Amino acid sequence: MSLQTKDSGGSGMSGSSDVLGDRFYPLYDRLFGDDSEFVADVETKLAQARMTDTVELYLSRALGIGFISGLTLWLIGLMLGYGIFAIGLLSNETLIGIPVGNGLLLEIIEMLRVPAVIFFTGLILGTIGFGIGFGSMVAIPYSRASSRKREINMLLTDSVSFMYALSVGGLNQLEIIEAMAQADDTYGEVAKEFQSIVKETEYFDIDYRTAIRKQALETPSDDLAQFLTDMLSIVNSGGDMQSFLEDKKEKHMRTAKQEQELTLETLELFGEMYMTLSLFPLLLIIIMVIMQMIPGAGVSNQMLYMTVYGLIPMIGVAFIVLVSTVKHDEPGDGFLTMENTDQRTETGQDDGLLGLGLVEQFTGDHSVFDRIKNREGTYETIEVLRKPHHFFRDNPLITLALTVPMALVVVVTAVVNGATPMSWEELLEKPIWGTVIYLYIPLYIIALPLAIFREWNFRHRTAVVNKLSEDLRKLSSSNDTGLTLLESFKAVSDTTSGKLAREFEIVHTKVNYGTSMKEALIEFNNKYHIPRLARTMRLITEAQEASNEISDVLRTAATASENHDDIQRERKSRTRMQIVIIIMTFMTVLAVIAILKTQFIDTMAGLESSGGGSSGAPGGAGGAMQGANLSENINVDMLSVLFFHAVTLQAIISGFICGYMRDASILSGLKYAVGLSAIALIGWTLVA
């Protein structure tokens, strides 16, 4: 039996995958029956993940990959088991201390002992390899379905508001479904679910009621499944779709706020967990320092190194991963597309020097376009040189092309001139200077410009939505008085201040000079490419094509924007407290380590150095000798360096955690990392 399927990985990969699936299909047929619940569950997840493979082929391929990985690890296990005896890691003596006498049984055991160990080592590793190969393949559709479910649930509230606004604008049921299916640039996976409904009706001659029922069963989101089921009942009964969508809009807005509250409570719990876990390395360091002073305690310096350079970063990374399972960034890239228009508007790639616009589509065919591109490139280069800060504001990551080589030059120059420690022993003599050269200067050279321009870019783009809800209300009121949408844009721009009002004026001017309203709005949106703004512009562009009287649609958009503002306001308020907790935890770690350094380690070192000069009094001499005996087991300089590096790593990691909790972005934590590391450097300079 030959099974064929489509594979996005290319023809070569598809062919090899199909061959692998065909070869192992008999094994699949033997292991799994037709009524297997596992097969049915995997088939459901494949559909929810929108993967085109049949379940038979996919599981057959998974068995093949599991077999290959299991065979590989089995061979490694055999060689490992043989190597255990060959290099003497395990002696060929008694392995199990069970008395068996001196008869034939003992001879058989001694003869089979080594082959048995080798065989079972290979068998265990082979089983693990099969589990890894087969399990990872089976986990892929589950992971993709879960990711799609998360995005659908995040976008469902705005999607329902979009459909309600279209119904208010006068569209019927089928037009609403088709408009929703075309909005995949804004509503992502929700739109793809409606695309499946439209394709079922267009290509498979299925009525849209059956298509809706089928999609309700296949979607990975229970909320969307319930929405489609309820919508189907309204369609079948001939009920009022507009009232139904209005009720669903209100319900999902309340649900979004409740889910946001649950997320914030979970983040508060995580913040308390981090406060406790981040103090664990500090307590461990204190315990190991005290134990090092005790002769024969068996605490080595390697344990301190592992705590500082291993445990502290691992706790930080693990916490960021933990937070990422709860806190997600906003789905979508914020760009809108437009049918039958130029590539510049469609993709929003008119980005100056990095994208020269429409002319790039015609270069190579005629020399005139090549000359135009060269002239355009020269002009954009001159503009960048005239205003480089604007270029870096729009493209913050480009700063790395300058700052990374600059940091390398500084470090290499210091190394060549001998101005920096070249070994661990030299670093112990100049701990602050060596750490500044190798860590702080590169950190500030790279992170400071990137943090500044990234923050400027973020504030420059998001300033346009600061008054979005208010201006949408004003647009609705103006449109309600009888003004057209274009006239409403002009009225709002004349009576309102702010960046959004200026953009409305630009849209008005573009339309007066011949640009269509839809194209002008899409160009405005793609200039800032904010997902929230994109959903609003998509709503307005769809509604204005049907009528200029869209005051109800604008009010709906304003309501959705106000709901988003409420959620954002609550999120910022609650996460601000978490940031304060994380910063205070770092300050506590810095203070405790500084006290440990000055009041304990330095005191013990002072006792050791003054031990020979205290012989005048027997009690004083005895106390000094006891201090010398306790401190002779520790290296004060090494502990000073480790303490400094511990607070530095804690500062940088805490900064990135603050940024991620604030904006769900690692780059957002650069400003916190720079600030906290500066506090660590200044504080330790004063201490040392």
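The values are calculated or read from the model by the stated rules, or taken from the named source; none is laboratory data. A quick note: this is a predicted structure, and the numbers were derived from the prediction, not measured. Reconstructed Cβ throughout: ideal geometry from the backbone, glycine too, with neighbour counts over all protein chains shown.
Observations on the structure shown:
- Residues located in segment 661-688, provided they are within 14 Å of residue 648 (Cβ to Cβ), touching a residue at least 40 places away in the same chain (Cβ under 8 Å) and either part of a loop (DSSP other than H, G, I, E, B) or more than 29 Å from the chain's Cα centre (by Cα) (or both): 681, 683, 684, 685, 687, 688
- The condition of being surrounded by 19 or more Cβ atoms within 10 Å (Cβ to Cβ) and part of a helix (DSSP H, G or I) holds for residue 253.
- The set of residues in segment 307-321 that are farther than 18 Å from residue 284 by Cα and either out of contact with any helix residue (DSSP H, G or I) (no Cβ under 6 Å at 6 or more places or on another chain) or modelled with pLDDT under 85 (or both) comprises 317, 318, 321.
- Where residue 412 falls short, out of the listed (1) in contact with a helix residue (DSSP H, G or I) (Cβ under 9 Å, 6 or more places away or on another chain); (2) surrounded by fewer than 16 Cβ atoms within 10 Å (Cβ to Cβ): (1)
- Only one of 505, 570, 487 that is under 30 Å from residue 268 (Cβ atoms) and among the charged types (D, E, K, R): 570
- If the condition is being surrounded by fewer than 22 Cβ atoms within 10 Å (Cβ to Cβ) and either more than 22 Å from residue 253 (Cβ to Cβ) or among the aromatic types (Phe, Trp, Tyr) (or both), then segment 217-231 contributes 217, 218.
- Close pairs (9 angstrom Cβ cut-off, 6 or more residues apart or separate chains): more than 12 Å from residue 434 (Cβ to Cβ) and assigned by the TED database to the domain that holds residue 436 in segment 408-424, at pLDDT below 90 and surrounded by 10 or more Cβ atoms within 10 Å (Cβ to Cβ) anywhere: 413/419
- Some residue of segment 149-159 being modelled with pLDDT of 85 or more, more than 30 Å from residue 544 (Cβ to Cβ) and basic (Lys, Arg): yes
- Checking residue 457 against (1) in contact with a His (Cβ under 8 Å, 6 or more places away or on another chain); (2) under 30 Å from residue 665 (Cα atoms), the condition it does not meet: (1)
- Residue match in segment 267-285 (condition: of a type in the set (Phe, Trp, Tyr) and under 19 Å from residue 646 (Cα atoms)): yes
- Segment 465-479: number of residues that are surrounded by fewer than 16 Cβ atoms within 10 Å (Cβ to Cβ) and either free of Cβ contacts under 8 Å to residues at least 24 places away in the same chain or more than 40 Å from the chain's Cα centre (by Cα) (or both): 0
- One residue stands out in segment 242-258 among those that are without any contact (Cβ under 8 Å) to a residue 12 or more places away in the chain and among the acidic types (Asp, Glu): the one that is nearest to residue 173 (Cα to Cα), namely 247.
- Some residue of segment 220-228 being outside any helix (DSSP H, G or I) and at pLDDT 90 or above: yes
- Scanning segment 197-211 for residues that are crowded, with 18+ Cβ neighbours inside 10 Å and under 15 Å from residue 50 (Cα atoms) yields 197, 200.
- The one condition in (1) within 28 Å of the chain's Cα centre (by Cα); (2) at pLDDT 90 or above; (3) surrounded by 17 or more Cβ atoms within 10 Å (Cβ to Cβ); (4) of a type outside the set (Phe, Trp, Tyr) that residue 590 fails to fulfil: (1)
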